[in-house]
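First the structure, in the form of structure tokens, and then the observations on it.
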Amino acid sequence: MSQHRSRAAVLSAGSWGTAVAKILADAGTDVVLHARRDEIADGINRHHRNPGYHADVELPHTVTATTDAAAALDGADFLVLSIPAQSLRDNLAKWAPHIGPDTVIVSLMKGIEQDSGLRASQIITNVTGISPDRIAVLSGPNLAGEIMDGQPAAATVACPDEGVARRIQQACHTPYFRPYTSTDVTGCELGGAVKNVIALAVGIAAGMGLGDNATAILITRGLAETTRLATAMGAHPATLAGLAGLGDLVATCSSPLSRNRTFGTHLGQGMTVAEATAATRQTTEGVKSAAALLTLAFAYDVEMPIASVVSALLHGDVTLDQAVAALMQRPTKAER
């Protein structure tokens, strides 16, 4: 008797969604990508390439595409959500009736909803009523371009139900992609959300011509404020020292492939937020999440100086020079 092949619906066919579709297919899972545009679906079905993202990389033949979300979700063991965090609620409301009773949901999203301050896993439960035990988060130092090239990468799969985390681990374990499991969903999601804001700060510093010392300061102190917020919200400190915390922070802050760092670099070179948005072209979650993270920090009485300065700069409340001065002229104290 032949073994059941897992089936995954990946919504949608952007840069990271496409990369995860490739990982799943390479691990032996059949994948249906949901594309918003006919030409993307046709390119994947006819030529095994996504003409919108990573067009130079051939996708496995077990990856197909459709513009019909209901068709993508039909019979799916896993629903992988890879859309901007701010559009999750509206899209999920449309998709929810088509989600199977046993389908496990995997969130790839690294943002905080602006109005509610909710993390992606919370929005999913909020909209669908699905138990948190069926909702997982995949997070780590995962630059999509490198993964499409088959370069080594690792990530954390977090779910309150360890058995569910292990199922997802098995479904995406390849020779080049190594998933670890965790039950700390809060830590993984906050690590992913805050690192985008810290990467904006690193990009701003780079755009202004500041050197590697400044980058190292921002990464180190950025990890400290990420850990402060996450642990105040119930996360385990070790999660923030792991792949979904420090690992993701280093990759996003260090790589020119990182869209948040790139956006920050544009700002540091003197572009307006609107100009940087036009130049970056892809969703930059840190821009949308900065203010929401500060609202959480206020609610939990946590200091987040880097996020505060980035948010003020994004809203036009401080100049670049004032932003740097605000970070460097903070009161000295013991490092803990």
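Quick notes
- Net charge of the neighbourhood of T239, taken over other residues with C-beta under 12 Å away and scored Lys/Arg +1, Asp/Glu -1, is -3.
- Lys, Arg +1 and Asp, Glu -1 on Cβ, resulting dipole of the chain about Cα centre, debye, nearest 20: 220
- Listed residue (N50, W95, C159) projecting farthest to the positive dipole end of region 7-183, Cβ model: C159
- Placing +1 on each Lys and Arg Cβ and -1 on each Asp and Glu Cβ, with no other charges, gives region 102-211 a dipole about its Cα centre of roughly 160 debye.
- Dividing the helix sum by the residues of the chain, where each DSSP H run of 4 or more adds -39500 (n - 2.57), gives a mean residue ellipticity at 222 nm of -14500 deg cm²/dmol.
- Contour minus Cα-Cα distance for L210 and R36 (0.36 nm per residue): 58.6 nm
- Neighbours of A96 by Cβ distance under 12 Å: Lys/Arg scored +1, Asp/Glu scored -1, total +1.
- When region 186-328 is reduced to its Cα atoms, the Kirkwood hydrodynamic radius in Å: 14.6
- Tail weight of P(r) past 18 Å, computed on alpha-carbon pairs of region 240-314, percent: 47
- Dipole orientation for the chain: of the candidates A325, V310, G270, A325 has the Cα lying most toward the positive pole (charges on Cβ; Lys, Arg +1; Asp, Glu -1).
- Estimated at 0.36 nm per residue, the fully extended path between D56 and Q282 surpasses their Cα-Cα distance by 79.5 nm.
- Local charge for R119 was computed over the other residues whose Cβ lies under 9 Å away, with Lys and Arg +1 and Asp and Glu -1, and equals -2.
- Simple Cβ-charge dipole of region 186-328, Lys/Arg +1 and Asp/Glu -1, about Cα centre, in debye nearest 20: 260
- Ordered by the count of other Cβ atoms within 10 Å of each Cβ, fewest first, V57, V164 give V57, V164.
- Shape index of the chain: Rg/Rh, with Rg the Cα radius of gyration and Rh the Kirkwood radius from the inverse mean 1/r over Cα pairs, equals 0.97.
Throughout, read-outs are computed from the coordinates displayed, never taken from laboratory work. Everything numeric here is computed off the predicted structure, so don't read it as measured data. Every residue, glycine among them, receives a Cβ derived from its backbone with ideal geometry; neighbour counts consider all protein chains shown.
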